[in-house]
Each structure stands twice: as structure tokens, then as C-alpha cells.
Amino acid sequence: MSATRRFALPLILIACTGLAACGGVDRDFTLRKIRNTSNGPEEFTIVPGKPLETPPSFVELPPPTPGGANRTDQQPIADAVAALGGNPSALEDRGIAAADGALVSAASRRGVDSTIRQKLAQEDEELRRRKHRFARFRIFGGDEYYRAYDNQTLDSQSVKWIWRRAGAQTPSAPPER
């Protein structure tokens, strides 16, 4: 076998591997994208309405509630609960159950901030904006979600061993990787 033939197959394999590595793969993991970069609507947020029907009497129609629910609005969660044999009315917000009263009072013993959601949303937006400034200089792609919240991620294995060394039982601890 000549030297040319002996090196031809490995060189062809290396060339094919190199070309495959340079190929454009669509890595648009939309479930982990921090922002929507497409021009169109988000297809998972579009829910078609129920068909229109003529009521037996127009007098029986409820008064319109601007911004409220419509008779033709889909209720996918309630429909799923009903399909699985549950009671869709159990999903209605009825306030705090009596069994949870002690938990809520203990959690709110130092006061409740009524604007906490807005504050957290603003802080999260600032964090993602700060992290995004340097994300455009990355050579290799990756998961934006994990990069943005990397320093806030809990290392489950180290915490598990901290608790085990302290003598706590951890029967539902995460498995070793």
C-alpha cells in the first residue's frame, strides 16, 4: 500500500469532520432564550377561541367586563383538569385556605411588600441586561439562561453533602452526576 493511499482515508475523515463542525446548526432553543428574536408572534401563546353561539335569549347574557373573561375564551388548564376527571371549579382563586393560614401568617410575620413582583422584575431585567453586554463577545454559542443565572445556581451535590455531614437524612437527594 502506498503512502498516498494510507493517508488518504484519515485526511478525508478529518476534512469531513472539520466541514461538519463548521456547518450552521439552528440552535434556536426558544424555551431557554431570554428574549424573543423572531419577527412573528409566539406560536405557543396563540389560542383559538371557542366557536360563537347564539344564546337562547339575549337578556340572559352577562354584562360586558372590559379586560375580563369572555364566553369564547379557551380555558386550557380547566379543560385539562376536566378531561382528567377533576373539578375545574377547584382552580378558582378562593383566597387562603384555613389549613394554610398558619403558614401564611408565619411567612408574613415581618411584613409583606406589595410591590415585590415589580421590584424583582426590574432587578431581573437589570441583571439580564448586564450579562447580555458581554454575551455578544462569546465565540461559542450556549444557553443564555444558564449563563445569565450561573452565579445564582445552587450546587445540589455540595449542599447535599453539607446536610449529610451535619447528620440530616436526605432520602430524596439528587443523584450523583
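The values are calculated or read from the model by the stated rules, or taken from the named source; none is laboratory data. It should be emphasised that the depicted structure is a prediction, and the values quoted were computed from it without experimental measurement. As a convention, Cβ positions derive from the backbone with ideal geometry for all residues, glycine included, and neighbour counts pool all protein chains shown. Areas reflect the complete protein model, heavy atoms only, side chains present, ligands, DNA and RNA absent. Shrake-Rupley method; radii C 1.70, N 1.55, O 1.52, S 1.80 Å.
May I ask you to order 110-122, 51-63 by the average number of other C-beta atoms within 10 Å around their residues, highest value first?
Sorting 110-122, 51-63 by mean packing, highest first, produces 110-122, 51-63.
Enter the accessible area of residue 126 (Å², nearest 10), with the probe set to 1.4 Å and all protein chains included.
Ignoring ligands and nucleic acids, residue 126 comes out at about 80 Å².
Plugging the Kirkwood radius over Cα pairs into Stokes-Einstein for the range 59-102, at a temperature of 37 °C and a viscosity of 0.692 mPa s, what D comes out in µm²/s?
For the chosen part, D equals 249 µm²/s.
Given points 7 Å out from each Cα along the Cα-Cβ axis, report the residue 152 to residue 106 separation in nanometres with one decimal.
So the label points at residue 152 and residue 106 sit 2.6 nm apart.
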